[in-house]
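> Before we start, here is the structure in question, set down as C-alpha cells.
The values are calculated or read from the model by the stated rules, or taken from the named source; none is laboratory data. No experiment lies behind these values; they were computed from the predicted model shown. Please note: Cβ atoms are built from the backbone with ideal geometry, for glycine as well, and neighbour counts cover all protein chains shown. Calculation scope for accessible area: heavy atoms of the full protein, side chains included, ligands and nucleic acids excluded. Shrake-Rupley method; radii C 1.70, N 1.55, O 1.52, S 1.80 Å.
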Amino acid sequence: MKSLARWKKVEDLREKLNGRAKAEGGYRFYSLHDKIYRKDFLEAAYAQCLANDGAPGVDGKTFKDIEAHGVERYLRELAEELKELRYLPQPVRRVMIPKENQPGKYRPLGIPTIRDRIVQQAVKLLLEPIFEADFTDNAYGYRPGKSAQDALTEVSTCLRSGHTEVVDADLSKYFDTIPHQELMKSVERRIADHKVLWMIRKWLKTPVHESNAKGKTVMSGGKKTKVGTPQGGVISPLLANIYFRRFLVAWKQLGFEEKYKSKIVNYADDFVILTQGHAQEALRTAHVLLTKIGLTLNETKTRTVNAWSESFTFLGHTFGKLHGKGGRPYLGNTPSDKSVQKHREKVRQLTSADQTTKSLEDVTTALNRLTQGFWNYFKIGTVKKIARDLDQNLWEHMTGWAKRKYKRPHRRKQAGKSGQATRRARIQAALDKLIWGQELCRRRNGGPLFAAAASYAQ
C-alpha cells in the first residue's frame with residue numbers, strides 16, 4: 001500500500017480506530033460515513049488507486065480523463081455526492097482472464113469504474129484497521145505488514161517442527177460463493193454505521209456487464225444476487241478475509257488446533273493445514289466447518305500428504321523432501337515447476353523474433369524487471385540449481401535475440417575480422433546489461449553462493 005505519510009490525519013485516525021478495536025473486542029463503530037468524503041481521505045484513496053493503475057470500467061474513464069477534468073475538482077464533486085447520499089455504484093465490467101497452463105479455462109475479473117474504486121479504497125482505509133485487530137496471526141493475505149513470504153516461512157517452520165502430515169486444501173470458487181447475508185453479519189459485528197453498510201451491500205449486488213460471443217453486452221447479477229464478491233474490486237480482498245476469519249477462529253476455539261496438533265497457514269483463498277499425524281481427521285473436520293459457513297472444498301484438488309514421501313505446492317512453492325550435502329534428506333521448498341515454466345515462457349516472449357525491432361535498452365529493462373520480480377518472490381528456499389538453470393535459459397534466449405538483432409555482415413569489406421568482432425562485442429554488451437538470478441541470490445546470502453553468471457557468456 002502506498003504510504004499515507006502525506007495524509008497524517010488519515011494515518012492518525014487509522015491508528016485510533018485500530019487501538020479502540022484492540023482495546024474493546026465487542027465494540028461496534030457507528031460514526032464512519034462522514035470520514036469517507038473528507039478531502040484527505042479521498043485524496044489518499046485516489047493516490048492508492050492511481051498507484052495501482054488498472055483498466056477503465058464501464059464508463060470508459062481513465063486517470064488521464066480525471067486529470068484533464070482536474071483531480072481536485074473531481075474529488076470535490078465526488079465528496080458532494082457522498083455527503084448528500086447521491087452516490088450510487090456503477091455496474092462492474094467483467095473480463096475473462098485465461099488461467100495459466102489451463103487451456104480453455106478462464107477466471108472472471110470484475111473491473112469497477114475508477115470512481116467506485118476510489119470510494120471503495122476510502123472505505124477500506126477506514127475498515128481495515130478495525131478488522132486488523134480481529135484477524136488471526138495465521139492469515140497473511142492482503143494485510144499490511146504481512147506477505148506471502150511470511151506465509152511460506154511459517155509453512156517451513158511448521159514442517160521443521162514435525163507438522164509433516166498436511167492437508168493441501170483448495171477452496172472451490174471462494175470469492176464467487178461467499179454468502180452475502182452471512183458476510184454482512186461478520187461485517188456488522190464491528191460496523192454499525194448503516195450508511196457504510198448500505199454501500200457494502202450495494203457493491204455486493206452491483207450488476208455485472210460483459211460481452212457475449214457475438215460482442216453484445218450482457219448484464220447479470222444485481223439485486224437478486226445472494227453470493228459472491230467480485231474479484232477485482234478494491235474492497236473484495238478485505239471482505240474475503242473478514243469472512244474466512246470465521247473458519248480460522250472456529251478451528252482454534254473448538255479445540256481442533258490442539259486436538260490435531262495442527263497449524264493452519266492461510267493466504268486469501270489458499271490454505272494448508274499442517275498436523276502431527278492427523279491429516280485425515282483434519283480434512284474431515286475442515287469439510288464440516290466450511291460447509292456450515294457455505295463454502296466448499298474442491299474435492300479433486302484437495303488431498304492429504306506426508307511431506308516426507310509426497311510434495312505439495314503452496315503459493316507457487318513446492319514443499320517436500322530434498323537432499324543436502326552428503327545426501328542428507330531434509331524438508332524444504334523450491335519454486336514449483338509451474339512457476340519456473342511460467343518464468344521461462346515470459347523470457348521466451350520477451351526475446352522472440354518479433355521483439356528484435358525493440359531497442360536493447362527496452363528488452364534488457366523488461367528482462368531485468370522480470371528477473372528481479374521472480375527472485376524477490378522465490379528467494380526463499382533451496383534455489384541454487386534452479387537459479388543456475390534459469391540463468392542458462394536467460395543467456396540462451398538473450399544471445400539468440402542479440403544474434404537476430406545484430407545480423408552477420410554481408411558485404412565483403414564488413415565480413416572480415418573487424419565486422420565479426422563488432423558483432424560479438426554487441427552481443428556481449430547485450431549480455432552484460434542483464435541482471436542474473438545467481439547474482440541476486442548471492443546478494444541475498446551476503447556472499448558468493450553460485451558460480452559467476454559471466455561464465456555463461458564465455
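Residue by residue, here is whether (1) part of a loop (DSSP other than H, G, I, E, B); (2) open to solvent by 60 Å² or more (accessible area, probe 1.4 Å) holds:
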{"position": "16", "(1), (2)": "no, yes"}
{"position": "19", "(1), (2)": "no, no"}
{"position": "26", "(1), (2)": "yes, yes"}
{"position": "40", "(1), (2)": "no, no"}
{"position": "46", "(1), (2)": "no, no"}
{"position": "60", "(1), (2)": "yes, no"}
{"position": "68", "(1), (2)": "no, yes"}
{"position": "74", "(1), (2)": "no, no"}
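> Okay, moving on. What number goes with the only condition from (1) of a type in the set (Val, Ile, Thr); (2) surrounded by 16 or more Cβ atoms within 10 Å (Cβ to Cβ); (3) out of contact with any Asp or Glu (no Cβ under 6 Å at 6 or more places or on another chain); (4) at pLDDT 95 or above that residue 365 does not pass?
Failed condition: (2).
> Every residue in segment 212-264 that is part of a helix (DSSP H, G or I), closer than 19 Å to residue 126 by Cα and small (Gly, Ala, Ser), please.
236, 240
> Taking into account only those residues within segment 99-110 that are in contact with a helix residue (DSSP H, G or I) (Cβ under 9 Å, 6 or more places away or on another chain) and surrounded by fewer than 21 Cβ atoms within 10 Å (Cβ to Cβ), which is modelled with the highest pLDDT?
Looking at residues that are in contact with a helix residue (DSSP H, G or I) (Cβ under 9 Å, 6 or more places away or on another chain) and surrounded by fewer than 21 Cβ atoms within 10 Å (Cβ to Cβ), I get 108.
> Determine which member of the set 86, 115, 93, 143 is in a loop (DSSP other than H, G, I, E, B) and either without any contact (Cβ under 8 Å) to a residue 24 or more places away in the chain or more than 26 Å from residue 289 (Cβ to Cβ) (or both). Even if it seems obvious, please write down each step before you answer.
Numbers: 115 fails: in a loop (DSSP other than H, G, I, E, B); 93 fails: in a loop (DSSP other than H, G, I, E, B); 143 fails: either without any contact (Cβ under 8 Å) to a residue 24 or more places away in the chain or more than 26 Å from residue 289 (Cβ to Cβ) (or both).
One residue alone meets the criteria, 86.
> Moving to a separate point now. Go through (1) assigned to a loop (DSSP other than H, G, I, E, B); (2) loosely packed, with under 12 Cβ neighbours inside 10 Å; (3) at pLDDT 80 or above; (4) of a type outside the set (A, V, I, L, M) for residue 412 and report which single condition fails.
(3)
> When residues of segment 151-181 are filtered for being assigned to a helix (DSSP H, G or I), of a type in the set (D, E, K, R) and buried (at least 16 other Cβ atoms within 10 Å of the Cβ), how many remain? Steps first, please.
Start the filter on segment 151-181 by keeping residues that are assigned to a helix (DSSP H, G or I), which leaves 151-160, 174-177, 180-181.
Adding the requirement that they be of a type in the set (D, E, K, R) leaves 154, 160, 176.
With the extra rule that they be buried (at least 16 other Cβ atoms within 10 Å of the Cβ), the set shrinks to 154.
Residues that pass the stated criteria total 1.
> Out of 289, 295, 274, which single residue is assigned to a helix (DSSP H, G or I) and open to solvent by less than 70 Å² (accessible area, probe 1.4 Å)?
On the way: 295 fails: assigned to a helix (DSSP H, G or I); 274 fails: assigned to a helix (DSSP H, G or I).
Checking each option against the conditions leaves just 289.
> Also, quick follow-up: Give the residue that is farthest from residue 117 (Cα to Cα), with candidates limited to residues of segment 206-258 that are touching a residue at least 40 places away in the same chain (Cβ under 8 Å) and among the charged types (D, E, K, R).
Across segment 206-258, the extreme among qualifying residues is 252.
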